[in-house]
Amino acid sequence: MKPIVVTCGEPAGIGPEIAAHAWAALADSIPMLWLGDPRHLPAGVPFEVVHSAAQATQQVSARALPVLEHRFAATATTGIPTAANAQGVIDVIARAVDLVQSDQAAAICTAPIHKKALKDGANFAYPGHTEYLAALAGGCDVVMMLASEQLRVVPATIHIALSDVPTALTPEVLRRTIEITHTGLQKQFGIAQPRIAISGLNPHAGEGGAMGIEELSWIAGLISQMQTEGYALQGPMPADTMFHAAARARYDAAIAMYHDQALIPIKTLDFDLGVNVTLGLPFIRTSPDHGTAFDIAGQGIANPSSMIEAIRLAHKMATR
Ligand SMILES: NC(=O)c1ccc[n+]([C@@H]2O[C@H](COP(=O)([O-])OP(=O)(O)OC[C@H]3O[C@@H](n4cnc5c(N)ncnc54)[C@H](O)[C@@H]3O)[C@@H](O)[C@H]2O)c1
Ligand SMILES: N[C@H](C(=O)O)[C@H](O)COP(=O)(O)O
């Protein structure tokens, strides 16, 4: 099987150490290839430089972390991003996409990036991996899903200011989010008839127009229309009461209207095991659900569980 390519992410963050832990946990079962600068790996991690994805064999993996070297401008200081390294972080993501699109790798698992460090250091034009990967894939429509055993959530708008949400959230955007989520649940999660719950935008889903009008003016109508087209949808539901255990049992994924409405419930329920999956790409991409954690980088205390789950899920999707 082709390896899962794991990007280094921000070298000043916890990405390199959790990738090393993930290799130690998964080396027997999942071939992986770390793409980055070996100078950024924690001291003592056994690694072996390979020159192509094909060389990242199970035999190599059994004795060391296979590394496809990507030379960065500088070494890294844990907890403090180096501006000169920002372009390397961006280039590694693009190189990983090349590997998967040329069929040399089975999937991509990205370690966390620090968005502001990339913007400050290299004028990175994208607010996150999700948007950058969509551009690298030729400008396809994508959605960001965070998934765990307990919950799958998708925000209809992603990395934008809260004040921009009501304008950015249009019937076209919500329809596309529902369509991509539905297809992703079928193809990547193997759910034949996905049930999708959709939140309202306003408190109490607008409470009949008393607390906002978007639910009445178009969200409910779009949901009804798409139900007649065969989608198994519920909503608009008040966001505050759609994430308790009994409610979660009634759907396969929840679509919320903005970033925190979707991500607070899953990171509260399952921060250690949540996985970020981009749906709509022509290749598989997963990521841990947490960020660069500068406050604990280099201390050996970062929990690798979300990274391990992200690699496992990428492998499961690739072999489905
Ligand atoms: N996939 C990604 O690239 C990704 C995901 C989320 C956040 N980010 C970025 O990461 C940067 C920092 O974001 P943040 O501070 O909001 O969130 P964060 O997830 O980096 O940290 C939040 C808190 O959780 C702790 N934490 C995070 N991961 C942990 C782990 N594996 N083990 C133990 N504790 C852990 C941190 O120490 C911190 O206290 C931002 O630039 C953000 O955009 C990137
Ligand atoms: N929005 C995500 C989160 O808060 O977990 C995170 O920033 C990752 O986004 P990308 O995968 O687009 O970098």
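Read the figures in this text as sums done on the coordinates, not as results from a lab. Quick caveat, the model's predicted, so the values are computed rather than measured. Virtual Cβ from ideal backbone geometry, glycine too; neighbours counted across all protein chains shown.
Which order do Thr82, Thr130, Thr319, Thr278 fall in if you start with the one that has the fewest other Cβ atoms within 10 Å?
Thr319, Thr82, Thr130, Thr278
Using alpha-carbon pairs under 8 Å, 6+ residues apart, how would you state the relative contact order of the chain in percent?
Answer for the chain is 23 percent.
Output the peptides 17-30, 137-150 sorted from most to least packed, where packing is the average of other Cβ atoms within 10 Å over each peptide's residues.
Those peptides, ordered most packed to least, come out 17-30, 137-150.
If I stretch the segment between Arg250 and Phe271 completely, what's the gain in nm (0.36 nm per residue apart, minus their alpha carbon distance), one decimal?
Stretched out fully, the Arg250 to Phe271 stretch lengthens by 5.4 nm.
Out of all DSSP beta bridges with both ends in the stretch 141-280, state the antiparallel percent to the nearest 5.
Antiparallel bridges: around 40 percent, rounded to the nearest 5.
Under the classification rounded if a/c is under 1.5, otherwise prolate if a/b is larger than b/c and oblate if not, where does the stretch 24-102 fall, given a ≥ b ≥ c as square roots of the Cα gyration tensor eigenvalues?
It comes out oblate by the Cα gyration axes.
Taking the dipole about the Cα centre of the chain, with the C-beta of Lys and Arg at +1 and of Asp and Glu at -1, give me whichever of Pro194, Trp34, Tyr126 is farthest to the positive side.
Trp34
Taking neighbour Cβ counts within 10 Å as the exposure measure, how do Asp91, Asp295, Asp289, Asp270 sort from fewest upward?
Asp295, Asp91, Asp270, Asp289
On C-alpha positions alone, give me the angle between the axis of helix 86-101 and the longest principal axis of the chain, in degrees, nearest 10.
The two axes meet at around 80 degrees.
Would you order Tyr258, Tyr231 from fewest to most other beta-carbon atoms within 10 Å of each residue's own beta-carbon?
Listing Tyr258, Tyr231 from fewest to most nearby Cβ atoms yields Tyr231, Tyr258.
For the stretch 141-280, what class follows from the C-alpha gyration tensor (a ≥ b ≥ c being the square roots of its eigenvalues): rounded when a/c is under 1.5, otherwise prolate if a/b is larger than b/c, else oblate?
rounded
Net charge near Pro238: determine it from the other residues with C-beta under 12 Å of the C-beta of Pro238, scoring Lys and Arg +1 and Asp and Glu -1.
The answer is -3.
Need one number: nm distance between label points at Ala43 and Ile264, each 7 Å from Cα along Cα→Cβ, rounded to one decimal.
4.3
How would you classify the chain from its alpha-carbon gyration tensor, with a ≥ b ≥ c the square roots of the eigenvalues: rounded for a/c under 1.5, else prolate if a/b is greater than b/c, otherwise oblate?
prolate
How charged is the neighbourhood of Ile264? Take every other residue with its Cβ under 13 Å from the Cβ of Ile264, and add Lys/Arg as +1 and Asp/Glu as -1.
-3
Given a Förster distance of 45 Å, report the FRET efficiency between Gln59 and Thr170 from their Cβ-Cβ distance, rounded to the nearest 0.05.
Rounded to the nearest 0.05, the efficiency is 0.30.
Give the separation of the Cα centroids, the stretch 220-283 to the stretch 42-64, in Å.
39
In whole Hz, with x marking every Gly and Pro, tabulate ³J(HN,Hα) for the stretch 72-80 from phi via Karplus 6.51 cos²θ - 1.76 cosθ + 1.60, θ = phi - 60°.
Per-residue couplings from phi come out as 9, 5, 8, 6, 10, 10, 4, x, 10 Hz.
Output the peptides 179-192, 301-314 sorted from most to least packed, where packing is the average of other Cβ atoms within 10 Å over each peptide's residues.
Averaged packing, sorted descending, gives the order 301-314, 179-192.
Calculate how steeply helix 305-319 sits against the longest principal axis of the alpha-carbon atoms of the chain, using the helix alpha-carbon long axis, and give the answer as 0 to 90 degrees to the nearest 10.
80
Tell me which residues come under 5 Å, amide H to amide H, from Gly36 once H is placed; ignore anything under 5 positions away on its chain.
Hits under the 5 Å cutoff: Leu68, His70.
How much net charge surrounds Ala205 when only the other residues with a Cβ under 15 Å from the Cβ of Ala205 are counted, with Lys and Arg +1 and Asp and Glu -1?
Taking every Cβ under 15 Å from that of Ala205, the sum is -4.
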